[in-house]
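Input: a single structure, listed below in structure tokens.
Throughout, read-outs are computed from the coordinates displayed, never taken from laboratory work. All of these numbers come straight from a predicted model, not from anything done at the bench. Cβ sites come from the backbone with ideal geometry, for glycine too, and all protein chains shown count toward neighbours.
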Amino acid sequence: MNEHTLTPDELTDQISTVLPTPPGQRMLHQRGVTVIGQFRAEPRARQLSWGALFSGEQVAVIARFSGTRAGTHDADSGDQGLAVRFVPATADPTDLIAFTLPVFFVRSGADMLEFLTAVSAAPQCPAAMDEFRQAHPESSAAFELGSDRAPRSYVGQRYHSVHAFGLVSPTGTTTWARLEWHPDNTVEPLPVETATTLAPDYLRHDLIDRLPARMTLYARLPRADDPVHDPTAVWAEPAQLIPLGQMALEARTADSDLDFDPLRLAPGMSAPRDRLAADRSAIYRAARIRRHAGSESDCGTNRFKHPAHFE
């Protein structure tokens, strides 16, 4: 497939055909739990980026944990997501979208369509995934890093930005880094056969029981030979990790319909340079417009204030 022949609207159309979505719901990661809290950066973070997010002041956050599509079981989800919106009091918001897999399957939106098509076809055509992997050898790392066990807790595992972001220092130096969340308390996964005996949305119940919870944001720096702007590539170990700050997740709120966007970045950070980040941003926007066709929310503010009422 020629990735340059499809517009974001066309890609969104085709993804919607492969993964039919009920009206008003997200195309992917439909089942989710939203919580609110605070983030405070470490002093070292200010040396890497002058952005308001890393000022050391307390910053409000809204975070959405997500996994499977509606109507499925949490044990069936091979990859969970964590989308966080940071809302400094005196600056535009920043979104950080991360996944439990440290690298992604594909490098572009068109390749993502091929991947989802293969996933959808696999139950009736087991060879579909093998054919995809042969056509996309860059997907091997993500498949090999996947787990054959089921998640036990949303908040008890690590989440990784598969894109490298530029952290712009007060002197103008840009440091490229992948950003990742580490839980203060790691929770080991479950055997799938055990997880399937739990409620279909057991991760939501588990999260509520674990709040308040804390997670630390780290910058993973590339080594000399690492392909910095390839979201499918594993970076060399041992990793150089720099703690950037801690997020305290305090309370659950109504599930967020915020339009999280991997390219929504406040000054002090540079956007990823890989094709996938740009394609994801465009597809997310197109999908959200369709989800709320004709509603005023499409033109709403990007600002976020803590809701007054919690579930």
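Report the net charge of residues surrounding His182, where surrounding means a beta-carbon distance below 11 angstrom and charges are Lys +1, Arg +1, Asp -1, Glu -1. Intermediate values should be presented prior to the final figure.
Values: positive: Arg158, Arg214, Arg220; negative: Glu180, Asp184.
Net of charged neighbours comes to +1.
Eigenvalues of the Cα gyration tensor times 5, then square-rooted: what semi-axes does that give for the chain, in whole angstrom, largest first?
On the way: eigenvalues 155, 110, 92 Å².
So the equivalent ellipsoid measures 28, 23, 21 Å along its semi-axes.
With the cut-off at 1.5 for a/c, could you classify region 238-293 from its C-alpha gyration tensor as rounded, prolate or oblate?
Working: a/c = 2.54, a/b = 1.22, b/c = 2.09.
Oblate, since a/c reaches 1.5 and b/c is not below a/b.
State to the nearest 20 debye the size of the charge dipole of the chain about its Cα centre, where the only charges are +1 on K and R beta carbons and -1 on D and E beta carbons.
Values: 30 positive and 39 negative charges, 189 e Å.
With only Lys, Arg, Asp and Glu charged at Cβ, the dipole is about 900 debye.
What net charge do the residues around Pro102 carry, taking every other residue with its C-beta under 14 Å from that of Pro102, with Lys and Arg at +1 and Asp and Glu at -1?
Working: positive: Arg158, Arg178, Arg220; negative: Asp79, Glu144, Glu180, Asp226, Asp230, Glu237.
Neighbourhood net charge equals -3.
Between beta-carbons, use under 13 Å as the cut-off and find the net charge around Leu217, counting Lys and Arg +1, Asp and Glu -1. Can you show the working numbers first?
Numbers: positive: Arg40, Arg44, Arg158, Arg178, Arg214, Arg220; negative: Glu42, Glu180, Asp184.
Its environment carries a net charge of +3.
Assign one of three labels to region 40-89, namely rounded, prolate or oblate, based on the Cα gyration tensor with a ≥ b ≥ c the square roots of its eigenvalues; rounded applies when a/c is under 1.5, prolate when it is not and a/b is larger than b/c, and oblate otherwise.
Values: a/c = 4.80, a/b = 2.85, b/c = 1.68.
Taking the square roots of the gyration eigenvalues as a ≥ b ≥ c, region 40-89 is prolate.
Under 1.5 on a/c is rounded, so check that first for region 80-220, then, if it is not, pick prolate when a/b is larger than b/c and oblate when it is not; a ≥ b ≥ c are the square roots of the alpha carbon gyration tensor eigenvalues. Kindly include the intermediate steps, with their values, before the conclusion.
On the way: a/c = 2.29, a/b = 1.20, b/c = 1.91.
Since a/c reaches 1.5 but b/c is at least a/b, the shape of region 80-220 is classed as oblate.
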